[in-house]
Structure formats: C-alpha cells, structure tokens
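The values are calculated or read from the model by the stated rules, or taken from the named source; none is laboratory data. Remember, predicted model here, so these are calculated numbers, not experimental data. Using ideal geometry, Cβ is built from the backbone for each residue, glycine included, and neighbour counts are taken over all protein chains shown. For accessibility, only protein heavy atoms count, side chains too; no ligands or nucleic acids. Shrake-Rupley method; radii C 1.70, N 1.55, O 1.52, S 1.80 Å.
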Amino acid sequence: MTALSLVVPSYIGGFVIVAALGPRGMFQSLLSKLFNIEHLPEIYGLPGAALTLTLLSYPYILLTVRSALWGMDPALEEASRSLGYSRWATFWKVTIPQLRPAISVGALLVGLYTLSDFGAVSLLRFDSFTRVIYLAYQSSFDRGIAAALSLLLVLVALMLLMLEAWTRGRSRYYRSDSGSPRALRPIALGVWRWPALAFCGVVVILALALPMAVLGYWMVRGMQAGQSLDLAWTPMMNSIYVSGLAAVITVAASVPVAVLAVRYPSRLSGFVERSAYIGFALPGIVVSLGLVFFGVRYAPLLYQTLMMLVIAYVILLLPQAIGAVKSSFLQVSPRMEEAALSLGRRPMQIMVRVTLPLIRTGMLAGAGLMFLTAMKELPATLLLSPIGFKTLATTIWSATEEAFFTRAATSAILLVLVSSVPMAFLTLRESGRKG
Amino acid sequence: MSPIHSILGVRRRLLARQQPSVVIWIPATLIGLTAFLPLLYLLIRTVGLGNDAWDILFRTRTLVILGNTAVLTAIVTAASTAIAVPVACSRYGQTFLSDERGQC
C-alpha cells in the first residue's frame, strides 16, 4: 500500500499540498473557522517542495531496502548477537552496512527524481533549476539562459550518478560460501510496537489519505457549485490520444534497438543502445527545451505540432521501453529463428512471423507502462503542446497555479482513474502468471 | 535443390546474420541519434552565447539556484531515507510476526 504513492504524479502531490495547507486552502479555512487563525506558516518555497517530494519519492528507497532485507542472511545478525553486541549495536554495525547499497541506489533514484521534478517545485514556487529554466524560457528574452542552465542541470545529474557509484565503493556484499538460506526470525517489538505502528500510520495518512481527502473534498464542492465534468472531457481525450500514440511509437522504436543489442552485440550496437538510454538521465524540461530550439531553428514544419510532443515522449520513455522489450527478447531462443531459417524463410519474414509474436506480451506490457508514464508527464507537455492543446496534466497544473482547486481536483481524479485501467491490466496479468 | 545444397544455403545465411540487416540498423541508429538531438541543440545554443554563457554560469543568481537545488535534493533524500528505512524494517518484522505467531 505504501508504494502506491509512486503512481501519483508530482503536480498532483503539489496540488494536494497547496489545496490543503496553502492560503485559502482546506486547513486554513478550517482553522479560521475554529480558532480565527488567519495565517499559517508559509507553505510555498522549500518546506512545501521538500514535503511534497519526500512523500512522493520515499517509496523508491522503501522498495529497494525491502528487497535487500528479504535477501539478507539472519546468521550474520545472530553471529553479532552471540559475540556480545546489543540489538541496537547489531542493527548499526551489521544490518545497516549490509543495506548500504540498497539505500544508496534508492537514494540515487530519489535524487534524480528531485532534480528533474518540475511539477511540485513549480506549483510550490521554489526556485530550483527546473522552475527557473521554465521561467527563463517563458520570458523569451532569456532563452539562452535557459539553455545554459539546462546544461548545468544535466551536469549536476551526471555528478549525482558518479557520486552514487563512488559511495558504493569497492566493498563486497556477497558471501564467500553459499550458506543455507532460511527464513528470518521475527523480532518481537514489545512496547516498541506502538510507536512503530504510529510512525507507519502517520506516513500512510500523509501520503495516501490526505491526497484522497483533498481530492474528494474539492470534487464534492465543485459538484455542489454546479460545475460539470464537461470541462475535463476534451483534455482527457487529448491525454489518452497523445499518450497512446507515444506508447505505440516508443515500443515500435525500441524494437530495432533491442534487436541490435541482443542479436548483434558489437561496439556500434552498444553505442546505439547507450545513447538511447540518455533520456533516463535527462530531466523532461531539458529534453523539451532542446527540442524547442531544434524545432524553431531547423524544423518549423514540425514545431507546434503534436509530432514534436510525441518525439519528446519517445526520447524520455525509450529507456523504459528498451528495458521491457529487451528482457522479453532475451527469452527468445535464437535456435527458434534458425529453425525458421532452415525451413527457407527470409530474415524479415522470420522477424514478423516468429520473433515478434513471441515478444508480443512483453511489448504490450511495455506499451501499458509507456502509456501511464506519458499520461503523467508534465514539462514536455507544457512546452511542446500545440497552442490550445490541453491534456489532463496541463489542466491540473494551470488550474492549481490559478487556484481553481475544483477544476484541478476533477482532472486529477480523472487522471488517476484513467491511469488505473492499464495499471489494473498489468497487475492482473502479473497475478495470472503466478497462479 | 539437393539436401546438401540447402544445408549450405542455411549456413551461408546464418553467417550473413552476423551482420544486422539494413532494416534493423538504420532505424536503430536514427533512434539513437534522435535521443542525442535535444542535448546537442542545447549545447549549440549555449556555445552560441559566447562569453555571455560564462557570465550566466557564474552569476550569483545561478549559484543561488544551484544551492537551492542541492539543499532540496539533500533534504528530500535524507528525509526519504529516514522514513523508508524504519518503515521497511518494521514491515519485515511484522510480516514474520504474523507468519510465525507461535514463536513470539
């Protein structure tokens, strides 16, 4: 359950925080009714941005640490206890060092997420790179500044990647012999159970219950005020259309790269694959700004068309798509293709008749994921959408900026509903495979 | 075609497979290049600024933004770790608690 907040895009998180804790927000109106308090501590700026991003991104660390805990050998902790260390000392000297790689990988993901996040920092008006780049781009005298700052941001992201590799260092985390894996003994928490439970409870309330309460509250208020759902209908169709298009094209584009990487490993194919992964380290705002410059200067026909937006999505999503397609490709035995070859088929026929049907499920799952990610994407959509083309993401963002909380809430609920369809499909497939 | 010829034919084509066909590597290379496009144009644009680029990069404002971003990233990472590690540890305790209730 705690990992669910990964599905919530950061601008919805930002909206929830603003609508709940900001001026004219829920919390303030409640307090002013009850205690006549008119001013809350400022939520805009660093506190709000840090709170939002923490609540959204801690699951990255939670997931990596949890899987590391499951794989840990309890014998090490027992050895430590038998050598006279207390539980607390064992935790710090044995458990934590073993978890270090998991924590640092999770922290890297959180760091990259924070660096490239645009939605939360822009809604909470905190001047980090992405927001300043966007403002500089919008003021249109300063586009050169936007470009220079973008490059600086890329540099910072690369430095973060190197920092993570450095903290991992040269320690070894595997055992010298295989040992005998067995289940961990639980620790009786005793009196500590209650603080632990309370801590988890607070986290769940802040990360899950609060967003739902806020969205529901504004939605109901909007309906009471007689606001219809029509306003969100066109953006929703736009979102579905452009995300679907991006998903299909991205998966199609990832097939040749995956084929090259899996079947013909060479220096060239390695280079092609690595360059396709570049989107992983590039924040969305950087990719879209680069495309804006390219479009204005060299492709005026493409600029201000949907095609440009789809290209941006493809660049950003390609790493995920290649990962998905490649992993299902690796399961196709080359013997199968050789058998078809010996039966007299031409290579292209084999590709279409044998290989592609075999990786079809992997491609479908990949497309579902791409669709989800494209739906939630904000900065590229904001910069590259043709004028007048609104999606759910841009609607939520602009409505929150202008404090139209009901409109933002309606769109946010629609976005969550629409993206839960492929999500349910993916989870069902997963559980079907297990059963 | 005699059996021996068809086997030779398959072997020849198997050898030919070591080289990717044009249908594969041209699109793949194009896609790889497209992914580079945004970065390339940002670079061109920044270099086009000439000396102004250095002025922008070393302004106090830029340093403030850099500091802001660094502080935000540090806080979020530290706070996420502070939340996630205890939650992960307590959850794995609880799961086993329910599995082997007799031993607790």
- Item | For the range A:40-117, size of Cβ-based charge dipole, Lys and Arg +1, Asp and Glu -1, in debye | 240
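Give, in nm to one decimal, the length gained when the segment between A:Ser86 and A:Leu428 is fully stretched (0.36 nm per residue of separation minus the Cα-Cα distance). Before the final figure, lay out the partial values.
Working: separation 342, 0.36 × 342 = 123.12 nm, distance 4.45 nm.
That pair, A:Ser86 and A:Leu428, stretches by 118.7 nm at full extension.
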- Item | Peptide-level mean, for A:147-159, of C-beta atoms on other protein chains within 10 Å | 5
- If one takes the accessible area of chain B alone plus chain A alone and subtracts that of the pair, with a 1.4 Å probe, what total in Å², rounded to the nearest 100, results? 6800
- Here FRET efficiency (C-beta to C-beta, A:Ser342 to B:Leu33, R₀ 56 Å, nearest 0.05) is 0.95
- Query: Ranked highest first by the average count of other Cβ atoms within 10 Å around their residues, in what order do A:333-345, A:257-269, A:143-155 fall?
  - Reply: A:143-155, A:257-269, A:333-345
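Report, as an integer, the average count of C-beta atoms from other chains found within 10 Å of each Cβ along B:55-62.
3
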- Query: By accessible area of protein heavy atoms, probe 1.4 Å, what ranking do B:Val85, B:Val23 get, highest first?
  - Reply: B:Val23, B:Val85
- Query: Quick one: which of B:48-58, A:292-302 comes out on top by average Cβ neighbours within 10 Å, and what's the full order, highest first?
  - Reply: A:292-302, B:48-58
- Note on the structure: Heavy-atom accessible area with a 1.4 angstrom probe orders A:Trp233, A:Trp397, most exposed first, as A:Trp233, A:Trp397
- Message: For the pair A:Ala252/A:Leu163, report the inter-label distance in nm, with labels modelled 7 Å from Cα in the Cβ direction.
- Response: 4.1
- Once both label points are put 7 Å beyond Cα along the C-beta direction, the A:Tyr217-B:Leu63 separation in nm becomes 4.3
- Checking rank on A:408-419, A:114-125, A:92-103, with mean other Cβ inside 10 Å and highest first, the result is A:114-125, A:408-419, A:92-103
